[in-house]
1. Taking Cα centroids, how far is region 146-200 from region 108-129 in Å?
2. Using a Förster distance of 30 angstrom, determine the FRET efficiency expected from the C-beta separation of residue 80 and residue 59, and round it to 0.05.
3. Apply the Karplus parameterisation 6.51 cos²θ - 1.76 cosθ + 1.60, with θ equal to phi minus 60°, to every residue of region 95-101 and state each ³J(HN,Hα) to the nearest whole Hz, in sequence, with x for glycine and proline.
4. In debye, nearest 20: dipole of region 1-119 around its Cα centre with unit charges on the Cβ of K, R (+) and D, E (-)?
5. Quick one: which residues, 5 or more positions from residue 147 or on another chain, have an amide H under 5 Å from its amide H? H modelled 1.01 Å from N in the peptide plane, none for Pro or chain starts.
6. At a Förster radius of 30 Å, what calculated FRET efficiency corresponds to the Cβ-Cβ distance of residue 123 and residue 193, to the nearest 0.05?
7. Tabulate in residue order the Karplus-calculated ³J(HN,Hα) for region 131-137, using 6.51 cos²θ - 1.76 cosθ + 1.60 with θ = phi - 60°, rounded to whole Hz; enter x for Gly and Pro.
8. Under 12 Å from a label point 7 Å along Cα→Cβ of residue 161: give me every residue in region 106-132 with its amide N that close.
Amino acid sequence: MPSAVVIAAAVRAGDVRAVDVVAECLGRIVAAEPALCAFAEVWAEDALRWAADVDRRVAAGEPLPLAGVPIGVKGRSGLRAAPARALVAAGCVPVGATSVPGRGTPWQTWGLGAGGRTVNPWRPDRTPGGSSAGSAAAVAAGLVPMATGTDGAGSVRIPAAWCGVLGLKITNGRLPTADRTGLAAPGVLTRYAADAAAYWHCVRGEDPQRAEPFTAPPTTALGQDGSPPGENLSGQDGSPPGEKTLRDRDASPPGENTLPGEDTSRAESNPPADSTLP
């Protein structure tokens, strides 16, 4: 998985289409998820529609700083968060909701994905940390270059450390948060410092139309010389599923009226840490 800023530069330049980037991302998720369980939901059909909309916006000359970058969002209600909406406005394409600890699960340890307990991509017998477990695992395994998180007592920093990726917790009070205690703050997990910087530039209130493109990071992840962790989790080929063309359909940006995968009959499995622990 290239870095977010490299992907965005290629999409803006017309070297690659957002739909192809997202299709490749979805192929990796399909290959890894049976073992990794980093996602509670995957929004494949919606993501391809949104990617097609990004391609139309780029073709129309709209300057999108993060055009075509696939992202994971923390939890099933993650698209409601202000930072996630800012990333979408900058051209990111949400591909799914990452796992968080379920009810009765220690918040520091395991996330619960659609297929079961989230594992650490480096060693499946080890915990990825929490509560942004799925976001850290998905980024560490190279499924997405960027995933959102929230942090009240280490919920971004702990899984980032345990999965060997970069975790950024925004200073409390700098961005809107749904946490009434004021303890939890938005954050992001990436593999490159430049991608974390790109996230911050997009969510801190800058006009995406005026934001400048970001400088590309090195071609290999920090401290990593070989293949990304999780590459052999499933023993399947994670190549893109051949989505070279996509029927032109009307695509609504995510989160405008309804959220993909939203089920009002189910209570969100929000970890207790972000709202109750100091």
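1. Rounded to whole Å, the Cα centres lie 19 Å apart.
2. 0.55
3. 9, x, 9, 7, 6, 10, x
4. In debye, rounded to 20, region 1-119 gives about 420.
5. 72, 189
6. 0.75
7. Result, ordered by residue: 8, 7, 5, x, 4, 5, 5 Hz.
8. The answer is 129-130.
Readers should treat all values here as calculations from the given coordinates under stated rules, not as data from a laboratory. Just so it is clear, the structure is predicted and the values come from calculations on it, not from any experiment. No Cβ is skipped: glycine too gets one built from the backbone with ideal geometry, and neighbour counts run over all protein chains shown.
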